[in-house]
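Note sheet for the following structure.
Here, each number is a calculation from the coordinates, and none is a lab measurement. Note that the structure is predicted; figures quoted are calculated from it, not measured. Cβ placement follows ideal geometry from the backbone for every residue including glycine, while neighbour counts extend to all protein chains displayed.
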Amino acid sequence: MEMARSALLLVTTALVLTLTASAPAQPKCAPTAPDIEGPFYKPGAPLREATGKGLVVSGVVKSAATCEPIKGARIEWWQANPRGEYDDAHRGSQVTGESGAYRFDTDSPPPYYGRPSHIHFKASAPGYRPLTTQLYPKGGQRAVAFDLVLVKE
Ligand SMILES: [Fe+2]
């Protein structure tokens, strides 16, 4: 009986150690959930600080593993114009500096073919998995914060 108990304890200990060792490191910052790209992405959006006015979108590109800002990350956004059409005037990109921050002014996107208002984003940085996602601003919002949290490759 004593042998059996010892054996059980040993097996339990081994199992706990195995689980602990194989559990992946928990990200410090929750990675931003990916979302569909949709049919209107065009590469090469120009560097700019505004694609309209009325809504300020800002945030920080961060590493999920450390929560630290990522310098030299490239973000791109594209959205429907106030008439509900995708156009080149509503595509932009920025590259983050030391603070990892981005900020742009834009028009509030209207609902688009039965979908809620949204702004598409891509974010990429050397050593990180590229992210494609969307922001859903609420109606009447004049400023919205949207951090882009990337996962290491
Ligand atoms: Fe869209």
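The set of residues from the range 63-77 being closer than 17 Å to Leu135 by Cβ and surrounded by 22 or more Cβ atoms within 10 Å (Cβ to Cβ) comprises Ala73, Ile75, Trp77. Here Gly127 meets the list (1) within 13 Å of the ligand (Cβ to nearest atom); (2) over 12 Å from the mean Cα position of the chain (by Cα) almost entirely, failing just condition (1). Residue-level check: of (1) free of Cβ contacts under 8 Å to residues at least 40 places away in the same chain; (2) touching a strand residue (DSSP E or B) at 6+ places or on another chain (Cβ under 6 Å), Gln134 misses just (1). Taking the criterion of being small (Gly, Ala, Ser) and within 14 Å of the ligand (Cβ to nearest atom), the residues of the range 80-107 that qualify are Ala80, Gly84.
In this structure, Ala145 qualifies as loosely packed, with under 12 Cβ neighbours inside 10 Å, away from the ligand (no atom under 16 Å from the Cβ) and within 18 Å of Pro34 (Cα to Cα).
Scan the range 115-123 and give yes if some residue there is away from the ligand (no atom under 14 Å from the Cβ), of a type outside the set (Ser, Thr, Tyr) and in contact with a Leu (Cβ under 6 Å, 6 or more places away or on another chain), otherwise no. Within the range 115-123, one or more residues are away from the ligand (no atom under 14 Å from the Cβ), of a type outside the set (Ser, Thr, Tyr) and in contact with a Leu (Cβ under 6 Å, 6 or more places away or on another chain).
Residue count for the range 41-56 satisfying the condition of being under 25 Å from Val151 (Cβ atoms) and touching a residue at least 60 places away in the same chain (Cβ under 8 Å): 1. Within the range 103-116, residues that are on the phi < 0 side of the Ramachandran plot sit with their Cβ atoms under 6 Å from residues that are β-branched (Val, Ile, Thr) and more than 10 Å from the ligand (Cβ to nearest atom), at 6+ positions apart or across chains, in these pairs: Phe104/Val57; Asp105/Val56; Thr106/Thr51. Among the numbered conditions (1) of a type outside the set (Ser, Thr, Tyr); (2) outside any loop (DSSP other than H, G, I, E, B); (3) surrounded by fewer than 18 Cβ atoms within 10 Å (Cβ to Cβ); (4) touching a residue at least 12 places away in the same chain (Cβ under 8 Å), the only one that Gly59 does not meet is (3).
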